[in-house]
Amino acid sequence: MADDLDAIRSELDAAAAAADTTAAIEAVRIDFLGRKGRITELLKTLGALAPDARRERGANLNRLKTDVESRLEARRRSLSDQALDQRLGSERFDVTLPTRPESEGRLHPISQTIDEVVAIFGEMGFQVAEGPDIEDDWHNFTALNIPPEHPARQTMDTFYLPGQPGAPKTVLRTHTSPVQVRTMKILKPPIRIIVPGRTFRSDSDATHSPMFHQVEGLLIDETTHFGHLKGCLIDFCRAFFGIDNLPVRFRPSYFPFTEPSAEVDIGCSRKGGELKIGGGDDWLEILGSGMVNPKVLENCGIDSTKYQGFAFGMGLERIAMLKHGIPDLRTFYESDLRWLRHYGFSELSVPSMVLGLEP
Ligand code: PHE
């Protein structure tokens, strides 16, 4: 009786050995163990046997069933080993080949400059704030004490956007100062913010671009006075240009949103047409500043009898050009890779004090 099982076993051996793809192995499995498979059919006949004979034949059939499974599994494994051996035999990896050059990306000088400015003011407790590029007339001008018909509006070369009848006039912001207004409307003093961002004026030559960047600063509390403004900006200029004794001068000026106002100059020399930041007997203007005009505080809902503070704004391209000797502002936006490789920064050169990580 067990003879027929021996016969099946040898047929299995032959079929398994001949199966050389996973599909062929599966066909063998179905042939023996599928719903109508040969062993399955034999299992169905067990019920007709006497109990003793059924027990013995049942055990034999079950053993045969597990044998089929393990035989086929072994076959599958040997096929995939073979395939791997074949790949390992044919693929060659030549460790003597020279490496492929990797091109490292560079940080644009504007990104680098923003990181540096934010790091320096971050150390002084300023936090970054942002505002929209498209502003309404009120935030860009009126709230900053520049009413309609004010001559300062003419000096800004504003891009006005086509307006909807009845809707407030909108502009591409001409400076980052509207973010002062937005911040004062939302936050209660004390306020210490720094605002890097894009600004727009209809102007284009070697030192002007219709789109450029500014960084704005605003500090409001109950006691900050002009001496703090001076100390803060002197420290900033010396840290940014990396010159400890850099001469810094405050020159009286006028902005509608600050009173008194001062323009800030740093010492430089221009011997033989070559500009050198630091010593020398010449001055270079780098930013505008002043004590926030009480009218601006009131426009933003801040009690000007209780609070005061200072604000400043500077052009990022300008300070980047001065620090790194970049002669033409328009080149910042030409996306010339040779220029970027030359003036760009490796990511590792971002100062470690960014985000106050310095111990
Ligand atoms: N918003 C001024 C400008 O664009 C700069 C400035 C900001 C001056 C804050 C004083 C205070 O020229």
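Per-structure values
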read-out	value
Which listed residue, of Gly344, Gly301, is touching a residue at least 40 places away in the same chain (Cβ under 8 Å), more than 16 Å from the ligand (Cβ to nearest atom), surrounded by fewer than 19 Cβ atoms within 10 Å (Cβ to Cβ) and under 30 Å from Ile186 (Cα atoms)	Gly301
Criterion violated by Pro247 - all others in (1) out of contact with any helix residue (DSSP H, G or I) (no Cβ under 8 Å at 6 or more places or on another chain); (2) under 25 Å from Thr331 (Cβ atoms); (3) open to solvent by less than 60 Å² (accessible area, probe 1.4 Å) satisfied	(2)
Any pair with Cβ under 7 angstrom, 6 or more apart, that starts in the range 169-183 at a residue that is at positive phi and ends at one that is within 11 Å of the ligand (Cβ to nearest atom)	none
All helices (runs of 4 or more DSSP H) inside the range 132-242 with 1 or more residues being in contact with a Lys or Arg (Cβ under 7 Å, 6 or more places away or on another chain)	137-140, 226-241
Enumeration of residues in the range 17-38 that are out of contact with any Leu (no Cβ under 6 Å at 6 or more places or on another chain) and open to solvent by less than 60 Å² (accessible area, probe 1.4 Å)	Ala19, Ala24, Ala27, Val28, Phe32, Leu33, Gly34, Gly37
Filtered residues of the range 259-295 (kept if open to solvent by 50 Å² or more (accessible area, probe 1.4 Å) and in contact (Cβ under 8 Å) with a residue 40 or more places away in the chain)	Leu275, Lys295
Which numbered condition Pro168 misses (of (1) open to solvent by less than 80 Å² (accessible area, probe 1.4 Å); (2) more than 28 Å from the chain's Cα centre (by Cα); (3) under 22 Å from Glu298 (Cβ atoms))	(1)
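Table: residues versus (1) under 18 Å from Phe212 (Cβ atoms); (2) touching a strand residue (DSSP E or B) at 6+ places or on another chain (Cβ under 7 Å); (3) assigned to a helix (DSSP H, G or I).
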| site | (1), (2), (3) |
| --- | --- |
| Gly272 | no, no, yes |
| Val296 | no, no, yes |
| Gly301 | no, no, no |
| Thr305 | no, no, no |
| Gly313 | yes, yes, no |
| Glu317 | yes, yes, yes |
| Lys323 | yes, no, yes |
| Arg330 | yes, no, yes |
| Ser335 | yes, no, no |
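Results for (1) more than 15 Å from the ligand (Cβ to nearest atom); (2) touching a Cys at 6+ places or on another chain (Cβ under 8 Å); (3) touching a residue at least 40 places away in the same chain (Cβ under 8 Å); (4) open to solvent by 50 Å² or more (accessible area, probe 1.4 Å), shown as yes or no for each residue.
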{"position": "Ile120", "(1), (2), (3), (4)": "yes, no, yes, no"}
{"position": "Asn145", "(1), (2), (3), (4)": "no, no, yes, no"}
{"position": "Gln154", "(1), (2), (3), (4)": "no, no, no, yes"}
{"position": "His208", "(1), (2), (3), (4)": "no, no, yes, yes"}
{"position": "Phe212", "(1), (2), (3), (4)": "no, no, yes, no"}
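The values are calculated or read from the model by the stated rules, or taken from the named source; none is laboratory data. Just so we're clear, the structure is a prediction, and the values are computed from it rather than from any experiment. Note: ideal-geometry Cβ built from the backbone for every residue, glycine included; neighbour counts use all protein chains shown. We work out accessible area using only protein heavy atoms, side chains counted, and drop any ligands, DNA or RNA first. Shrake-Rupley method; radii C 1.70, N 1.55, O 1.52, S 1.80 Å.
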